[in-house]
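Below: the structure, in structure tokens.
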Amino acid sequence: MTEQERPDHGLSARDRAVLALERRDWPGPGAKERAVREELGMVPVRYYQLLNALLDDPRALAHDPITVNRLRRVRESRREER
């Protein structure tokens, strides 16, 4: 399903763009942060704050369950490591 075909479930365009960025594969270090700055016009710190909040938003889970669940697992494993 393409981004245009995916229902938005009440998410803002910015929220959908954050999730779309997380679905992509990144070729090397710094590529994702560069895309955050260039494509979304925000600093990486703000991006990760928004992303973390999205992971707890049921609308984000409904919009993109595969990405949100994957990122929740990553977040949980990092918390357990601390």
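The values are calculated or read from the model by the stated rules, or taken from the named source; none is laboratory data. Computed from a predicted structure; not experimentally measured. Quick reminder, even Gly has a Cβ in these numbers, built from the backbone with ideal geometry, and neighbours come from all protein chains shown. Accessible surface is based on the protein model in full, side chains and every heavy atom, while ligands, DNA and RNA are left aside. Shrake-Rupley method; radii C 1.70, N 1.55, O 1.52, S 1.80 Å.
Worth a mention:
- For the chain, the solvent-accessible area works out to 67 Å² per residue, with a probe of 1.4 Å and every protein chain left in place.
- Phi angles of the range 34-49 translate, via the Karplus equation with coefficients 6.51, -1.76, 1.60 and θ = phi - 60°, into HN-Hα couplings of 5, 5, 4, 5, 6, 8, 9, x, 9, 7, x, 4, 5, 4, 5, 5 Hz per residue; Gly and Pro are given as x.
- When GluC sites (Glu not before Pro) are flagged only if DSSP places them in a loop and at most 12 other Cβ atoms lie within 10 Å, the longest unflagged stretch of the chain comes out as 6-82.
- Packing rank of 62-69, 43-50, 23-30, where each peptide gets the mean count of other beta carbons within 10 Å, highest leading: 62-69, 43-50, 23-30
- In whole angstrom, the range 1-76 maps to an equivalent ellipsoid with semi-axes of 19, 14, 13, each derived as √(5λ) from the alpha carbon gyration tensor and ordered largest first.
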